[in-house]
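Contents: one structure, followed by commentary.
Read-outs throughout are calculated quantities, based only on the coordinates presented, and are distinct from any laboratory measurement. Everything numeric here is computed off the predicted structure, so don't read it as measured data. Because the Cβ atoms are built from the backbone with ideal geometry, glycine has one as well, and the counts that use them run over all protein chains shown.
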Amino acid sequence: MAEQKKLLRALAGETQDVPPIWMMRQAGRYLPEYRATRAEAGDFLSLCYNPELATEVTLQPIRRYGFDAAILFADILLVPQALGADLWFVTGEGPRLSTITTEADFAKLGPVSDIHETLNPIYETVRLLSSALPAETTLIGFAGAPWTVATYMIAGRGTPDQGPAHLLRRENNALFEALLARITEATIEYLSMQIKAGAEVVKIFDSWAGSLSGEAFEKYALEPCRQITEALKQRHPSIPVIGFPREAGDKYVGFAKATGVDCVALDNSVDPEWAAAHVQVDGCVQGNLASRHMVTGGQELVDDTRRIVKAFGNGPHIFNLGHGITPDADPDNVQRMIDAVRDG
Ligand code: CP3
């Protein structure tokens, strides 16, 4: 049997001299070849729903850099759309959705069993990728975590403080919890189909987990992640799961044990030495170089990259950024980061 892929070995708990590496938003606007394919598709959503072109943009950073993993090209907001929310992207601003603030809005959403009709092209992309990827490259599927997806569905857009979602949580908690439960159930079905189509790992993005505190973090960030992980592992016992409760701070501690995820992804607000002592003690971690280095480059990029590799060097680690790479990044800085990880 061929030696197991580097990323899967890290997720299984193996410490490696050189960690596997990939990058959030690695298929994105900083790459000229991505911009060309996106122009060919017309707009971002058309690109997501076009299996051939979505496969092409997923492969572009693999060809250019030889990352150890490819992440399915799609978006966390396709699940709300598949549940019946209107979704569109305003260029230069971001996503817009029909809002959910009343029982009547919620009643317009469709049943979870209907989501595949919309999401079938995504499963097709996964199938195409699993035969197109090099043998050593791991295919990662993903979805948004229920809380993060709910913040967009409630407000109808991205918000700096997730205010509308916090308000609904307080003023109509039953409706808020019903929405969260619907998203949780849809996410389990969506990820399960990605796994059946060939995803070898799945990642749950909770980009706004950091705005929940205390009991609310446990109920609305930790518990949905635990439920999704449990359901997926019941159906697909060997599937590794990466959890990303972004900006969780000290709540990263114990998150893997409490949810059952195989790896916790860290944003760059936590020190790698602290995270090695308090989070990596429980298993694999991913992260956590600041994305700004991909814009600014220089010796600081190399120094911070080496610092992270060293800090996590005594345990299982997947090198990544702390958040997605931004459109103003210089593709040469990505290569400098990879060289610093692989060549020291
Ligand atoms: O990481 C990858 O390369 C995989 C694909 C992926 C995208 N979005 C493609 C994308 C993934 C995993 C996501 C996750 C996602 N989407 C999150 C969670 C992670 C995070 O970044 O916090 C969130 C909150 C979204 C919702 C979303 N999608 C927003 C807020 C935006 C607009 C902001 C922006 O960067 O323009 C998007 C658009 C989006 N999703 C782009 C890409 C490549 C840019 C679209 C374009 O080409 O114009």
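Need one number: the % of Cα-Cα pairs in the chain sitting beyond the 28 Å mark.
39 percent
Taking just the alpha-carbon atoms of segment 1-57, what radius of gyration and Dmax come out, in angstrom?
Reported Rg and Dmax, both Å: 16.0, 43.
Principal axis lengths of segment 144-244 from Cα atoms, whole Å, largest first?
So the extents along the principal axes, rounded to whole Å, are 39, 25, 22.
Testing the spin-label approximation: label points 7 Å from Cα along Cα→Cβ at GLU33 and ALA104. State their distance in nm.
Spacing of the two 7 Å Cα→Cβ label points: 5.1 nm.
Return VAL149, VAL264, VAL341 ranked ascending by Cβ neighbour count within 10 Å, so the fewest neighbours appear first. Let's see the in-between values first.
Working: VAL149 30, VAL264 26, VAL341 18.
Final ranking by Cβ density, sparse to dense: VAL341, VAL264, VAL149.
Test of understanding: what is the full-extension gain from VAL18 to GLU215, defined as 0.36 nm times their sequence separation minus their Cα-Cα distance?
Gain on extension, VAL18 to GLU215, equals 67.1 nm.
What order do you get for ASP332, ASP267, ASP17, ASP304 when you list them from fewest to most C-beta neighbours inside 10 Å?
ASP17, ASP332, ASP304, ASP267
What is the distance in Å between the Cα centres of segment 16-62 and segment 271-344?
So the separation of the two Cα centres works out to 21 Å.
Work out from phi, with θ = phi - 60° and the Karplus expression 6.51 cos²θ - 1.76 cosθ + 1.60, the ³J(HN,Hα) of each residue of segment 226-236, listed in order in whole Hz, and give x for Gly and Pro.
5, 5, 5, 4, 4, 5, 5, 6, 5, 7, 9
Just to be sure I understand: if I project the alpha-carbon convex hull of segment 60-175 onto a plane and average over all orientations, what area do I get in nm²?
So the Cα hull casts an average projection of 8.9 nm².
Relative contact order of the chain, please, whole-number percent, based on alpha carbon pairs below 8 angstrom and at least 6 residues apart.
It rounds to 20 percent for the chain.
Arrange the following residues from fewest to most other Cβ atoms within 10 Å of their Cβ: ASP75, ASP250.
ASP250, ASP75
Calculate, in nm to one decimal, what ARG170 and GLN4 gain on full extension: separation in residues at 0.36 nm each, minus their alpha carbon distance.
Extending this stretch completely gives an extra 55.0 nm.
Could you state the number of Å between the C-alpha centres of segment 188-233 and segment 79-149?
14 Å
Rounded to two decimals, what is Rg over Rh for segment 6-103 when you use alpha-carbon atoms and the Kirkwood radius? Write down the numbers at each step before the final one.
Working: Rg = 16.6 Å, Rh = 15.5 Å.
Rg/Rh: 1.07.
Tell me, for the chain, which Cys residues have no other cysteine's C-beta sitting closer than 4.7 Å.
Cys with no partner Cβ under 4.7 Å: CYS48, CYS225.
Return the calculated 222 nm mean residue ellipticity for the chain, to the nearest 500 deg cm²/dmol, obtained by summing -39500 (n - 2.57) across DSSP H runs with n ≥ 4 and dividing by the residue count.
-14500 deg cm²/dmol
Mean 1/r over all different Cα pairs, inverted: what Kirkwood radius does segment 195-259 give, in Å?
12.3 Å
Note the count of lysine pairs whose C-alpha atoms are less than 15 angstrom apart in the chain, limited to pairs 8 or more residues apart or on different chains. Before the final figure, lay out each step's value.
Details: LYS196/LYS233; LYS203/LYS233; LYS219/LYS251; LYS233/LYS257.
Eligible lysine pairs with Cα atoms under 15 Å apart amount to 4.
What does the C-alpha gyration tensor say about the overall shape of segment 80-122? Classify as rounded when a/c is under 1.5, otherwise prolate if a/b is larger than b/c, or oblate.
oblate
Please list, by residue number, every one of the GluC sites (Glu not before Pro) in segment 193-288 that is coil in DSSP and has at most 10 other beta-carbon atoms within 10 Å. Please report the intermediate quantities before stating the final value.
Values: sites: GLU200, GLU215, GLU218, GLU230, GLU247, GLU273; in loops: GLU200, GLU247.
The qualifying sites: there are none.
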